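Novice: Please find one structure pasted underneath; my questions will follow.
The values are calculated or read from the model by the stated rules, or taken from the named source; none is laboratory data. Quick caveat: nothing in here was measured; it's all calculated off a predicted structure. Glycine gets a Cβ as well: all are built from the backbone with ideal geometry, and neighbour counts include every protein chain shown. These accessible areas exclude ligands, DNA and RNA; they are computed on the full protein's heavy atoms, side chains included. Shrake-Rupley method; radii C 1.70, N 1.55, O 1.52, S 1.80 Å.
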Amino acid sequence: MTNRPAAEREPGSYRDPSGFVFRRDGVLYRQVNASFADDWATFDVSGLHSALIREGVLVADAPASLDLAPEPGGVAVIRPDEIGFISYPFEWSFSQLKDAALLTLRAQSMAGARGMTLRDASAYNVQFKDGKPVLIDTLSFERAAADQPWKPYRQFCENFLAPLALMAHRDGRLGQLLRTWVDGVPLDLASELLPRSTRYFAPGLAAHIHLHARGQRQHSGDSGPNLAAPRAVTMSENRRLALLDHLKRTVEGLHLPAHGTVWADYAGRTSYSATGTASKEAIVKRMAEAVAAEGGKVAWDVGANTGRYSAIAADAGFWVLALDIDWAAVERHYLALRALGEKRIMPFLADIAEPSPGIGWGNVERASLIDRSNADVVIGLALVHHLAIGRNVPLPMISSLMARLSAHLILEWIPKADPMVQKLLAAREDIFTEYSPEGFRAAFSRDFEIVEEAPIEDSGRVLFRMRRLANS
């Protein structure tokens with residue numbers, strides 16, 4: 001056997017005995033184990049494998065040499081297409097999670113038509129590629145047994161239906177519960193939090209959450225040496241299809257109420273004049289093109305709101321990750337992009353002042369937001385004053401974080417006299433003595449070379465383009 005780079009298993013790929021994801025020399029592969037050989041063969045010869053890829057339901061893959069398998073017991077190795085950025089369900093808007101849920105049910109429908117079924121329905125099996133959700137776990141499919149209930153029913157309800165119902169009937173921010181309950185929102189908790197009316201006037205939620213939760217409570221103690229073995233549960237094919245259809249109609253029937261928040265409405269009420277807006281757009285375009293000319297391909301638009309400047313970065317040649325703290329802004333942005341069929345921009349929910357930490361087993365199963373950074377440039381427009389004054393983060397610490405995220409920056413400096421900064425200071429003491437143009441330049445010059453400064457017309461604001469220093 002020839003020498004080859006050592007394999008490194010992906011930290012989150014350990015739960016499934018059927019196989020795992022690993023890297024060799026930076027290339028992503030998946031090993032299929034012998035215990036899954038029969039299901040893998042059926043998955044292929046049934047035509048399900050190729051159909052899922054052809055329909056854009058499953059990420060594409062190509063066969064690779066079995067010699068690449070890093071552990072004994074492998075029967076196949078594949079090389080799946082890589083996803084540009086791995087996001088997590090608690091970072092998605094309502095409609096992103098809803099689209100992921102419907103994709104999962106579509107995959108099950110396609111599998112059932114070919115005598116197979118999904119083995120699990122984790123939201124973490126879905127990622128977004130080219131603006132659409134796609135399954136990434138190629139080993140999630142197995143041969144279906146006759147009269148067997150749908151195995152991942154509870155998991156689907158906890159990962160998708162419960163958080164969607166809470167967002168639709170209570171508050172759009174409750175999708176963040178998936179950050180605490182990584183394996184899905186417990187159904188008893190969802191049942192308690194949902195309005196009482198959903199028990200009587202929302203048949204889908206009554207069945208799949210409230211009655212489901214009650215059934216779990218009733219059978220939670222059904223184990224022990226003195227209890228009879230549980231009776232095998234069966235479900236005819238017609239009942240299983242009816243269950244899946246009812247789940248689909250329940251998910252499709254969930255909608256956010258009309259929503260407007262401070263930040264979702266921000267783009268329509270900025271303090272810029274028409275002259276200032278045109279000037280800012282032209283400068284951002286020029287600076288983004290300059291970074292692209294140096295080889296930049298991925299931009300993080302931090303505080304993207306509904307994506308006005310994300311689109312400018314995309315037009316400059318970047319694939320754009322559009323981060324915002326406001327759930328309604330992210331929802332509006334996603335819906336607008338989906339309607340356009342936009343593939344170059346992905347909006348998601350994140351707070352750069354409180355980025356998601358590593359979670360799951362050993363705090364490495366799901367990597368932190370900082371560790372997932374793939375940005376060639378961070379664009380931070382109307383951002384620094386919110387961090388420095390709104391969140392009390394010293395300017396040198398902001399610079400340090402930006403240096404961890406990217407080699408290039410496009411940042412907007414907003415002076416204290418600006419109306420937006422004055423709003424932040426209106427209800428608090430001004431303790432921010434270092435918040436000045438000189439303090440800003442001094443703080444960021446520790447980590448970056450200031451390549452360009454460009455005043456925005458009719459505003460008093462300044463845009464900076466910076467390049468990270470070699471020793472930062």
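Novice: Taking amide hydrogens as modeled 1.01 Å from N in the peptide plane, which residues meet the under 5 Å criterion relative to residue 116, leaving out close sequence neighbours?
Specialist: 144
Novice: Right, next: Please state the shape class of the range 78-235: rounded when a/c is under 1.5, otherwise prolate if a/b exceeds b/c and oblate if not, all from the C-alpha gyration tensor.
Specialist: The shape class here is oblate.
Novice: Considering amide H positions built from the backbone, and no H for Pro or chain starts, which residues 5 or more places from residue 64, or on another chain, come under 5 Å of its amide H?
Specialist: 77, 78, 79
Novice: Follow-up. Just to be sure I understand the model, the point goes 7 Å from the Cα along the line to the Cβ. What's the resulting residue 176 to residue 15 distance in nm?
Specialist: 2.4 nm
Novice: Output wanted: per-residue J couplings in Hz (rounded whole) for the range 445-456, from phi through Karplus 6.51 cos²θ - 1.76 cosθ + 1.60, θ = phi - 60°, x for Gly and Pro.
Specialist: Karplus-based 3J(HN,Hα) across the range 445-456 equals 5, 5, 10, 9, 8, 7, 7, 7, 10, 9, x, 8 Hz.
Novice: Enter the accessible area of residue 327 (Å², nearest 10), with the probe set to 1.4 Å and all protein chains included.
Specialist: Near enough 50 Å² of accessible area.
Novice: Multiply the residue separation of residue 467 and residue 44 by 0.36 nm, subtract the distance between their alpha-carbon atoms, and state the gained length in nm to one decimal.
Specialist: Working: separation 423, 0.36 × 423 = 152.28 nm, distance 4.85 nm.
Residue separation times 0.36 nm, minus the Cα-Cα distance, leaves 147.4 nm.
Novice: Once every DSSP H run of n ≥ 4 in the chain is given -39500 (n - 2.57) and the sum is divided by its residues, what mean residue ellipticity at 222 nm do you get, rounded to the nearest 500 deg cm²/dmol?
Specialist: That comes out to -9000 deg cm²/dmol.
Novice: Name the residues whose placed amide hydrogens come within less than 5 Å of the amide hydrogen of residue 451, ignoring near sequence neighbours (fewer than 5 apart) on the same chain.
Specialist: Amide H to amide H, under 5 Å and 5 or more residues apart or across chains, residue 451 pairs with 465, 466, 467.
Novice: Considering only protein heavy atoms, what per residue accessible area in square angstrom results for the chain with a 1.4 angstrom probe?
Specialist: In whole numbers, the chain has 46 Å² accessible per residue.
Novice: Let me understand the chain better: what is its radius of gyration from the alpha carbons, and its Dmax, in angstrom?
Specialist: 24.9, 80
Novice: Right, something else. Residue 114: accessible area at probe 1.4 Å, nearest 10 Å²?
Specialist: Per-residue accessible area (residue 114): approximately 90 Å².
Novice: Of the accessible area of the chain, with the probe set at 1.4 angstrom, what percent is carbon plus sulfur? If you can, show how the numbers build up before the last one.
Specialist: Details: 11440 of 21860 Å².
Of the solvent-accessible surface of the chain, carbon and sulfur hold 52 percent.
Novice: Could you run the Karplus curve 6.51 cos²θ - 1.76 cosθ + 1.60 with θ = phi - 60° over the range 141-151 and give me ³J(HN,Hα) per residue in whole Hz, x for Gly and Pro?
Specialist: Whole-Hz 3J(HN,Hα) from phi for the range 141-151: 10, 9, 5, 7, 8, 4, 6, 9, x, 6, 3.
Novice: At a probe radius of 1.4 Å, what is the per-residue accessible area of residue 169, in Å² to the nearest 10?
Specialist: Estimated to the nearest 10 Å², residue 169 gives 80 Å².
Novice: Keeping all protein chains in place and using 1.4 angstrom, which order do 247, 424 fall into by accessible surface area, from largest down?
Specialist: Solvent-accessible surface, decreasing: 424, 247.
Novice: Under 18 Å Cα-Cα from residue 343, which lysines qualify once same-chain neighbours fewer than 8 residues away are excluded?
Specialist: Within reach: 129, 132, 297.
Novice: Now, a different point. Taking the Cα centre of the chain as origin, work out the dipole magnitude from +1 charges on Lys and Arg Cβ and -1 charges on Asp and Glu Cβ, in debye rounded to 20. Don't skip to the answer; put the middle values down first.
Specialist: Numbers: 52 positive and 56 negative charges, 190 e Å.
Charge dipole, the chain, about its Cα centre: 920 debye, nearest 20.
Novice: Excluding same-chain residues fewer than 8 positions from residue 423, which lysines have a Cα within less than 30 Å of its Cα?
Specialist: Partners found: 280, 285.
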